[in-house]
1. Give the whole-number value, in cubic angstrom per residue, of the convex hull volume spanned by the C-alpha atoms of segment 176-254.
2. Given an 8 Å cut-off on Cα distances and at least 6 residues of separation, report the relative contact order of segment 176-254 as a percent.
3. What 222 nm value per residue comes from the helices of the chain, counting each DSSP H run with n ≥ 4 as -39,500 (n - 2.57) and dividing by all residues, nearest 500 deg cm²/dmol?
4. Over segment 2-97, what portion of Cα pair distances is larger than 17 Å, expressed as a whole percent?
5. If I take R0 = 25 Å and measure r between the Cβ atoms of Met524 and Ala100 in this structure, what FRET efficiency does the formula 1/(1 + (r/R0)^6) give, to the nearest 0.05?
6. Report, in degrees rounded to the nearest 10, the 0 to 90 angle that the Cα long axis of helix 348-358 makes with the longest principal axis of the chain.
7. Rounded to two decimal places and with Rh computed the Kirkwood way over Cα pairs, what is Rg over Rh for segment 435-550?
8. What's the extension gain from Leu48 to Val24 if we count 0.36 nm per residue and subtract their Cα-Cα distance?
Amino acid sequence: MFTQLRTRLSDLIRSAVEVSMPGVPLADISLDTPAHKDHGDLACNAALQLSKVLRRNPMEIAEILRTQIISSLAASSLKDRVVGVDVFRPGFINIRLSPAAYHDVLADIFARGEAYGRTGFGGGKKVLVEFVSANPTGPLTVAHARQAAVGDVLVNVLNFTGHHAEREFYVNDGGNQIRTLGLSVQLRTRELFGEKIEYPEDCYQGGYIQDMAGIFAGQRKFSSLADVNACPVEDFCAFARDYLMDVIREDLRIFRVSFDHWSFESQVSSAAKIAEVLEELRCKGFIYEQDGALWFKSTLFGDDKDRVVKKSDGFYTYLAPDIVYHKYKYDRGFDLLVDILGPDHHGYIPRIKAAAQALGKDVKALEGLIIQLATIFRDGKQLRMSTRAGEFISLREVAQEVGTDAARYFMLMRQVNQQLEFDIDLARRQAPDNPVYYIQYAHARCHSVIRKAKADASLVPSSRFDLLTDEAEIELIKKMAQLPDYLNICAQQLDPHTLTRYMQELAAAYHKFYDRCRIIDPDMDRELSAERLALVDAARIVFANGLRLLGISAPEKM
């Protein structure tokens, strides 16, 4: 209902423009929340738009439109929903709404329930979000945890805002890294049976390789070094890949992330398919040979230099199978492809976009998101990590230490292009300064009030809201009304961090209302108590919807 109100107000402002300035073109009317609380409830920049066309002072235009809007309101059914129209520099037309306008929000929340907050912003656009896509050469790390949280919640939000979004994990099981992994396990297995090994620096480090060696030896029932040496390295490769894929799947399950698609490089980007796509590019004039290698003319499409796709030794570079994989994604009919990548992939995006253009694909349908690293702190000190040395904090360790709820939420608390500081001590703390606790506690408080109403006062939420006029009540409803807008922003920016900020603001508004307004009291007006109980119940719905989108539990007791 609040969305309908805003639409009707937008139409009224457009009519005011047509009456006051006939024939002047105007883009879509947008009504946003003002930056300053004292500036009303909705702000419109129509006068600022028109000033560029008319070459007039936007404040003059705003005053003309304000007069027409007030006149139109007097004859409109909206007059009881608007209590004022003001002009603020540099030319905003701001609208102040009556409490009745916000009472409509509560009716909308109860009517829509779990669907409250859904929008049609995406217009049914099909989106494929590829994220994590870790090489199956070790457990998932903290870096993967941030990508997992961002990708998972982004898909939730996209689907809630009118998109058809799906999750994809691209398994890099081709290339030399799997053979290096198998060799690493083989060498550690030989060590188990007494052979002294000069362990190469380029092999995978860390205790998990030794653990895998012991597991594989047990499975194969090796009894001597001769048994180990008789086992082909390909068997070690297959075991290590499959074992680590099981580990990765379990890590993701613990982190509450599931994928719609698992695409394997060995199948999607086989040598035959790579050769086929490179031949297609060659026929279009985008591949040339130099110094015994094959080069892709990526500079024709804005890249800073041409890229090798096949080295002089006959092996393909990483770019070649990635070109094939992205062609495969395009060919599946998605309107938008989103690649969520680590901070070492800045140069990757322009070359993939260049390949998409060369293949005749819509480059605007490909978005690359660079997720910055998460730095872990404990006892106020940064934990040092080195993946080369096998010293890293795994996703599973963080989830088990602070809980999956806190781990997911903390990974979303900054914009994706900002480095994130993850304070383990804060994430574990059950106190208001822990944002996860603060939000979940607000939700639990809602349930506590509702239980008390049923048990002690036999109250039920009212279907009327006329008595809800206190500032804390209205501010809470205002914040609940903003959920659809915040979700649209997340979808538009392809960044879910705005939802975490919204949930903290919602919790702050609820705790302020809870502390200021009595809800169940034998000495207070019973109808007011029933209406405030309805407000609590509406807040419960909105908290639950937001937490569900974040993939975080919504406890009823704490």
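1. Dividing the Cα hull volume of segment 176-254 by its residues yields 91 Å³.
2. Across segment 176-254, relative contact order equals 45 percent.
3. Mean residue ellipticity, 222 nm, calculated: -16000 deg cm²/dmol.
4. Roughly 43 percent, once rounded to a whole number.
5. Efficiency, from the Cβ-Cβ distance: 0.65.
6. 90
7. 1.00
8. 7.3 nm
Quick note: the coordinates plus some simple rules give every number you see, no bench work behind them. This one's a predicted model, so the numbers in the text were calculated from it and none came from an experiment. In this analysis, Cβ positions are derived from the backbone assuming ideal geometry, glycine residues included, and neighbour counts consider all displayed protein chains.
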